[in-house]
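Undergrad: My questions all concern the structure below.
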Amino acid sequence: MKQRQLGNTELKISEMGFGCSSLGGGLFHKDDKEALAALNRAFDSGVNFFDTSDSYSFGNSEKLLGQAFKTRRDQVIIASKVGKRFKPLGAVALMVRPYLSPISGLFNKMKRTLHGMRESQQHYDYSHAHIMDAIEKSLIRLQTDYLDIYQLYNPTPEVLEHGEVFDTFRLLKRQGKIRHFGVSCVTVDDAFTCLDVEGIGTIQVTLNLLDFEASLKFLELAQQKNIGVIARVPLAQGLLTDADSDTMADNTLRDLKELMERRRRAAQFRFLVHKDRTLAQSAIQYSLGLPGVSVVIPGMVNQQQLTENLAALDAPSLSAEEMKKIKALQLSWQ
């Protein structure tokens, strides 16, 4: 596993990280035993970067990381997030979601409804009091006394422009509870705003074959400022895989017209598939190959997904001709 320097930090991280958004309770989560096996195998394969949040699976994602790495904490880089909270009805939607897994193919509409309920019931709290309380709870779940990276989760442009929230992060850094701080951004415009935040170490953005806006200018500026870029959702919520249904996108996108258009565009990249490289592996290679990207974090919950994702690192590289065709397709959508 190759490692890359994470921006202006002293951290050297595996070029492929482990996205833990569905770890511990998502629709594709089987059980905690399988999740722990995937985490341990990822570590044994050279993955040392794990991205989670206190809101993922009611904190179970952090708990699993704590169980897996409490005795080798100094060998992994853990990034968590703070800000997202759920009202009671949204919490119910999260609790019900895993029980739909065995019959997931039959109830896509129900799952979208539950996701919509969850989204409508979530809110964000970036107050000093909440962040100071949340970090303590995250540290307990992770069985550690520090976080390598603490990220503000989906802040609004107003929160970013005001900037007061970062004073709390700087305090936590002085206290030794976090080594670095960053932002997980909703939009590329938000990512541009983050470039001017004093002391910021990382910026997380959606970056894949379908969502490529960050590659047009943002990555270049991030490189110039030596800020680490975490590329999330490289598989476009499952659309850039061999799955023809029941992906995360099927379960979360409520606008069916948008879903079908994204499926149509994803299908245009089938030319990247050949006997030694799947669509998912091609998509991961695309994100990894963009100048300025520090790490790519495909979401994984089991060893099967881990195996395919890791194989992307040994698959044939995207050719210059393939990259030219990719760019032509992307430009045709603008």
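Undergrad: Within segment 232-254, is even one residue under 15 Å from the mean Cα position of the chain (by Cα), aliphatic (A, V, I, L, M), at pLDDT 95 or above and closer than 21 Å to Gln151 by Cα?
TA: Yes: one or more hits.
Condition check ((1) touching a residue at least 12 places away in the same chain (Cβ under 8 Å); (2) within 30 Å of Glu164 (Cβ to Cβ)) across all residues:
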site: Arg179; (1), (2): yes, yes
site: Val188; (1), (2): yes, yes
site: Ile200; (1), (2): yes, yes
site: Leu210; (1), (2): yes, no
site: Gln223; (1), (2): yes, yes
site: Ile230; (1), (2): yes, yes
site: Leu256; (1), (2): no, no
site: Glu261; (1), (2): no, no
site: Arg264; (1), (2): no, no
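Undergrad: Here's something else I'd like to know. Before we move on, is Arg262 buried (at least 16 other Cβ atoms within 10 Å of the Cβ), of a type in the set (D, E, K, R) and at negative phi? Steps first, answer last, please.
TA: Values: buried (at least 16 other Cβ atoms within 10 Å of the Cβ): yes; of a type in the set (D, E, K, R): yes; at negative phi: yes.
Here the answer is yes, as Arg262 does meet what is asked.
Undergrad: Further question on the same structure: How about segment 201-212: which of its residues are in contact with a helix residue (DSSP H, G or I) (Cβ under 6 Å, 6 or more places away or on another chain) and in a loop (DSSP other than H, G, I, E, B)? Walk me through how you get there before you give the answer.
TA: Pass one, segment 201-212, residues in contact with a helix residue (DSSP H, G or I) (Cβ under 6 Å, 6 or more places away or on another chain): 203, 205, 207-210, 212.
Listed by number, the residues that qualify are Leu207, Asn208, Leu209, Leu210, Phe212.
Undergrad: Just one of (1) surrounded by fewer than 20 Cβ atoms within 10 Å (Cβ to Cβ); (2) more than 18 Å from Asn48 (Cα to Cα); (3) of a type in the set (Ser, Thr, Tyr) trips up Ser282, so point out which.
TA: (1)
Undergrad: Does His180 meet the test of being in contact with a strand residue (DSSP E or B) (Cβ under 7 Å, 6 or more places away or on another chain) and either modelled with pLDDT of 95 or more or among the acidic types (Asp, Glu) (or both)?
TA: Working: in contact with a strand residue (DSSP E or B) (Cβ under 7 Å, 6 or more places away or on another chain): yes; either modelled with pLDDT of 95 or more or among the acidic types (Asp, Glu) (or both): yes.
So His180 passes the test.
Undergrad: May I pose another question? Can you report the number of residues in segment 41-65 which are in contact with a strand residue (DSSP E or B) (Cβ under 6 Å, 6 or more places away or on another chain) and of a type in the set (Ser, Thr, Tyr)?
TA: 3
Undergrad: Give me the residue from segment 285-328 that is touching a residue at least 12 places away in the same chain (Cβ under 8 Å) and polar (S, T, N, Q) and, out of that set, surrounded by the fewest Cβ atoms within 10 Å (Cβ to Cβ).
TA: Selected residue: Ser317.
Undergrad: Of the residues Arg118, Arg85, only one is buried (at least 20 other Cβ atoms within 10 Å of the Cβ) and either aliphatic (A, V, I, L, M) or at pLDDT below 95 (or both); which? It would help to see each step written out before you state the result.
TA: Details: Arg85 fails: buried (at least 20 other Cβ atoms within 10 Å of the Cβ).
Exactly one residue qualifies, and that residue is Arg118.
Undergrad: Restricting the search to segment 14-33, which residues are surrounded by fewer than 23 Cβ atoms within 10 Å (Cβ to Cβ) and touching a helix residue (DSSP H, G or I) at 6+ places or on another chain (Cβ under 8 Å)?
TA: Across segment 14-33, the qualifying residues are Glu15, Ser21, Ser22, Gly25, Gly26, Leu27, Phe28, His29, Lys30, Asp32.
Undergrad: Next up: Quick check on this structure: which one of Leu11, Leu36, Leu6 is surrounded by fewer than 24 Cβ atoms within 10 Å (Cβ to Cβ), within 22 Å of His180 (Cα to Cα) and more than 14 Å from the chain's Cα centre (by Cα)?
TA: Working: Leu36 fails: within 22 Å of His180 (Cα to Cα); Leu6 fails: surrounded by fewer than 24 Cβ atoms within 10 Å (Cβ to Cβ).
Just one listed residue meets the conditions, Leu11.
Undergrad: Could you say which residue among Asp189, Asp211 is modelled with pLDDT of 95 or more and over 15 Å from the mean Cα position of the chain (by Cα)?
TA: Sole residue among the options that is modelled with pLDDT of 95 or more and over 15 Å from the mean Cα position of the chain (by Cα): Asp189.
Undergrad: Assuming Val229 fulfils every condition listed in (1) in a helix (DSSP H, G or I); (2) modelled with pLDDT of 95 or more apart from one, which condition is it?
TA: Going through the list (1) in a helix (DSSP H, G or I); (2) modelled with pLDDT of 95 or more, Val229 breaks only (1).
Undergrad: Could you check how many residues of segment 142-167 are out of contact with any strand residue (DSSP E or B) (no Cβ under 9 Å at 6 or more places or on another chain) and over 27 Å from Leu216 (Cα atoms)?
TA: As a first pass, look at segment 142-167 and keep what is out of contact with any strand residue (DSSP E or B) (no Cβ under 9 Å at 6 or more places or on another chain): 143, 145, 157-158, 161-164, 167.
Next, from what is left, pick out any that are over 27 Å from Leu216 (Cα atoms): 143, 145, 164, 167.
Qualifying residue count, segment 142-167: 4.
Undergrad: What do you reckon, is Ser57 modelled with pLDDT of 95 or more, buried (at least 16 other Cβ atoms within 10 Å of the Cβ) and over 12 Å from Asn302 (Cα atoms)?
TA: Values: modelled with pLDDT of 95 or more: no; buried (at least 16 other Cβ atoms within 10 Å of the Cβ): yes; over 12 Å from Asn302 (Cα atoms): yes.
No.
The values are calculated or read from the model by the stated rules, or taken from the named source; none is laboratory data. These numbers were taken from a predicted model, which means no experiment stands behind them. Positions of Cβ are backbone-derived with ideal geometry, glycine not excepted, and every protein chain shown enters the neighbour counts.
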